[in-house]
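Here's the structure, in structure tokens; my notes come after.
Bear in mind these aren't lab numbers, they're just calculated from the coordinates by the rules spelled out. Predicted, not measured: the structure shown is a model, and the values here were computed from it. Every residue, glycine as well, gets a Cβ built from its backbone with ideal geometry; the counts of neighbours run over all protein chains shown.
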Amino acid sequence: MKHLPALLAAFALAVPSDAADSRRPNILFILVDDQSPFDFKFHNPQSTLDSPNIDRLAAGGMVIDGAYHMGSFSGAVCTPSRHMIMSGRTVWHLPIGPGAAACPPDLEKNTVGAVFNRAGYATMRTCKQGNSYAAANRQFSVVHDQTKRGGTRETGSAWHADRVLDYLGERQAKKDERPFFIYFGFSHPHDVRDGTPELLAKYGAANHKDKSAAPPAHPKQAPLPPNWLPAHPFDNSHMDVRDEVAVSGVWNRRDEATIRNEIGREYACSENIDIQIGRVLARLEKTGELANTYIFYTADHGMAIGRHGLQGKQNLYEHTWRVPMIVKGPGIKPGVRAPGNVYLGDLLATFCDLAGVTSPDSNEGGSFKPVLFGEEQSIRDTLYGVYNGGAKPGMRCVKRGDWKLIEYESPGTRETQLFNLKDNPHEFLAGHHDPKVAALTGAPPAKHQVNLAGDPRHAAKLAEMRALLLAEMRRLGDPWRLSNQPDDGLTPPQGGKARNKRNPKAK
């Protein structure tokens with residue numbers, strides 16, 4: 001036995017670093033479709049969502065408070081988001097959109113499924129169909145993709161859990177001892193939010209069908225979010241996108257009854273997801289694989305559902321730009337939190353780092369393993385976000401520390417928002433202190449901090465954040481510029497207008 005270390009060392013030298021090793025950790029990656037971090041009690045103690053299994057993951061692992069998706073150049077925000085998850089590429093360096101020329105060929109061969117197949121992992125995927133990275137999805141060895149947004153076992157979230165449980169059963173029957181990478185995706189809580197009857201009843205919600213009237217009020221419905229508004233105060237560059245005008249049960253309504261009912265529908269779908277996660281975790285525990293499994297829980301982006309008078313995911317407020325992120329597994333202390341300052345595009349590098357797998361050269365993300373192991377609090381100090389799926393150049397934001405800047409520009413619109421998120425975590429605007437709004441939401445009194453962009457006391461901070469935004473736009477290859485920025489000799493893609501022709505000097 002005294003020669004065993006030498007034998008192991010020789011074996012390690014003889015076998016490529018990406019070869020199969022059954023002692024390497026499993027990875028269970030759970031991705032839901034459209035979910036604000038503020039749905040959960042571990043981010044929002046006032047939430048009425050019951051999610052005991054996800055809450056246990058949070059209590060047993062790390063909650064990352066600063067997890068973000070980088071943004072989108074499309075109204076289908078999930079499409080670039082899921083490309084970034086799979087490839088580790090930044091938003092302007094994807095095989096779709098304006099930056100396709102900067103993308104290496106055959107990128108799908110260096111996405112999650114392909115990388116872990118080469119590493120000797122058993123790979124399996126179930127998720128929704130469409131609005132994703134189809135070529136990368138096909139790289140998993142076993143794929144069961146269907147869009148399931150109904151209120152029954154066969155048409156809803158249980159279908160995805162059944163596919164994972166079937167796979168685990170087959171793996172056990174075959175005595176497959178390879179480590180696994182399971183991409184456990186859901187089609188909910190994206191609309192249409194047709195929850196199961198019993199969970200809809202629990203949250204006092206109904207699958208409302210009448211455009212001409214608000215749904216019935218119910219005492220079990222969740223309260224309005226504190227930053228609810230009856231309408232967004234200005235055109236944010238894409239107010240006619242499908243999510244803002246055509247979601248079944250909401251359409252363009254933002255009244256109290258409609259929003260509270262829709263939050264109930266969201267919670268019904270989210271609790272069903274929690275139940276299905278519990279089934280899979282119970283199976284892994286029974287088979288003895290749970291202890292050696294890293295579990296990631298996140299969403300492709302956040303969601304508004306009445307916050308700031310918005311409904312969809314086409315904005316850069318914290319409820320939508322941020323995502324929930326929990327990681328639990330070997331070496332991660334239970335019940336800890338960290339800012340992280342991670343993007344969804346950092347996941348591929350992190351998966352590889354945890355598994356001892358070589359990250360592909362095409363990856364542009366950074367591993368946040370040091371954060372998970374308590375060695376660092378964050379992997380970057382600056383975060384950038386974009387949405388310009390509507391009028392151009394659209395929205396940009398940048399965050400550093402407690403400070404966040406959002407810029408809006410489209411024909412006829414030029415707006416700036418500056419927030420100190422420590423003092424104003426809900427990003428309150430002046431409209432939140434309207435007495436009628438405050439009576440419904442319990443918003444703080446008017447003296448509470450709101451948008452600081454027009455406050456001369458913060459002019460230096462505004463200039464600093466604008467300079468930081470420009471630096472990030474340049475660094476990441478953003479092909480547009482705002483009218484208060486140098487044009488850098490860029491020609492906006494597809495004929496997009498980089499300048500606000502109607503009011504080019506507007507602040």
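How high is the relative contact order of region 384-495? Use alpha-carbon pairs under 8 Å, at least six apart in sequence, and give a whole percent.
Once normalised by length, the contact order is 20 percent.
Taking 0.36 nm per residue of sequence separation and subtracting the Cα-Cα distance, how much length would be gained by fully extending the chain between ARG337 and LYS286, in nm to one decimal?
Stretched out fully, the ARG337 to LYS286 stretch lengthens by 15.5 nm.
Counting only DSSP beta bridges with both residues in the chain, what percent are antiparallel, rounded to the nearest 5?
In the chain, DSSP labels about 50 percent of beta bridges as antiparallel.
May I ask for the angle, rounded to the nearest 10°, between helix 256-286 and the longest principal axis of the chain, with both axes built from Cα atoms and the value confined to 0 to 90°?
Between helix and principal axis, roughly 10 degrees.
Sum up the charges of everything whose Cβ sits under 12 Å from the Cβ of ILE273, counting Lys and Arg as +1 and Asp and Glu as -1, but leave ILE273 out.
Net local charge, ILE273 excluded: -3.
By how many nm would the segment from GLU198 to HIS43 grow when fully extended, if each residue of separation counts as 0.36 nm and the alpha-carbon distance is taken off?
53.2 nm
What does the charge dipole of the chain about its Cα centre add up to, to the nearest 20 debye, if the Cβ of each Lys and Arg holds +1 and the Cβ of each Asp and Glu holds -1?
300
If you average the sequence gap of Cα pairs under 8 Å that are 6 or more apart and divide by the length of region 142-290, what percent do you get for the contact order?
In percent, rounded to a whole number, it is 31.
Cross-link partners among aspartates and glutamates for LYS202, C-alpha distance below 17 Å, same-chain residues fewer than 8 apart left out?
Answer for LYS202, where 17 Å is the Cα cut-off: ASP39, ASP50, ASP194, GLU262, GLU266, GLU271, ASP274, listed by chain and number.
Please list, in order along region 82-99, the HN-Hα scalar couplings obtained from phi with the Karplus expression 6.51 cos²θ - 1.76 cosθ + 1.60 (θ = phi - 60°), rounded to whole Hz, x for Gly and Pro.
6, 5, 5, 4, 6, 9, x, 8, 7, 4, 8, 10, 9, x, 10, x, x, x
Rg to Rh for the chain: what is it, with Cα atoms only and Rh by Kirkwood?
With Rg and the Kirkwood Rh in hand, the quotient comes to 0.97.
Would you kindly state how much longer the chain becomes between LYS436 and LEU421 on full extension, computed as 0.36 nm times their sequence separation minus their alpha carbon distance, in nm to one decimal?
3.0 nm
Between SER483 and residues 5 or more places away or on another chain, which pairs have amide H atoms under 5 Å apart, with H built 1.01 Å from N, and which residues are they?
For SER483, whose amide H was placed from the backbone, the distant partners under 5 Å are ASN500.
Which one, THR123, VAL143, VAL91, is farthest towards the positive end of the dipole of region 56-196 when Lys and Arg carry +1 and Asp and Glu -1 on their Cβ?
Going by the charge dipole, the pick is THR123.
Take the cross-link list LYS313/LYS422; LYS128/LYS175; LYS209/LYS436; LYS41/LYS422; LYS175/LYS286 and give me the ones stretching past 25 Å between alpha-carbons.
Where the Cα-Cα span goes over 25 Å, the pairs concerned are LYS128/LYS175; LYS209/LYS436.
Calculate how steeply helix 459-476 sits against the longest principal axis of the alpha-carbon atoms of the chain, using the helix alpha-carbon long axis, and give the answer as 0 to 90 degrees to the nearest 10.
The two axes meet at around 40 degrees.
Pairs of Cα atoms under 8 Å, at least six residues apart: use those to get the relative contact order of the chain, whole percent.
21
Can you compute the helix-only [θ] at 222 nm over the chain? Use -39500 (n - 2.57) per DSSP H run of at least 4 residues, normalise by all residues, nearest 500 deg cm²/dmol.
Taken over the chain, the calculation gives -8000 deg cm²/dmol.
Using θ = phi - 60° and the Karplus curve 6.51 cos²θ - 1.76 cosθ + 1.60, what whole-Hz ³J(HN,Hα) does each residue of region 311-321 get, with Gly and Pro shown as x?
10, x, 10, 9, 7, 10, 5, 4, 5, 10, 6
Using only alpha carbon positions, build the gyration tensor of region 101-209, then give the equivalent ellipsoid semi-axes as the square roots of 5 times its eigenvalues, largest first, whole angstrom.
31, 20, 8
Based on alpha-carbon atoms only, what is the radius of gyration of region 384-495 relative to the globular estimate 2.2 N^0.38 Å?
1.19
To the nearest 10 degrees, how steeply does helix 4-14 sit against the main Cα axis of the chain, on a 0 to 90 scale?
Around 60 degrees separate the two axes.
Highest first, please rank the peptides 151-158, 83-90 by the mean number of other Cβ atoms sitting within 10 Å of their residues.
Output ranking for 151-158, 83-90: 83-90, 151-158.
Provide Rg and Dmax in Å for region 141-294, with only Cα atoms included in the calculation.
When restricted to Cα atoms, region 141-294 yields Rg and Dmax of 19.1, 59 Å.
Report ³J(HN,Hα) in whole Hz for each residue of region 125-130, in order, from the Karplus equation J = 6.51 cos²θ - 1.76 cosθ + 1.60 where θ = phi - 60°; Gly and Pro get x.
After applying 6.51 cos²θ - 1.76 cosθ + 1.60, I find 9, 9, 5, 5, 9, x Hz.
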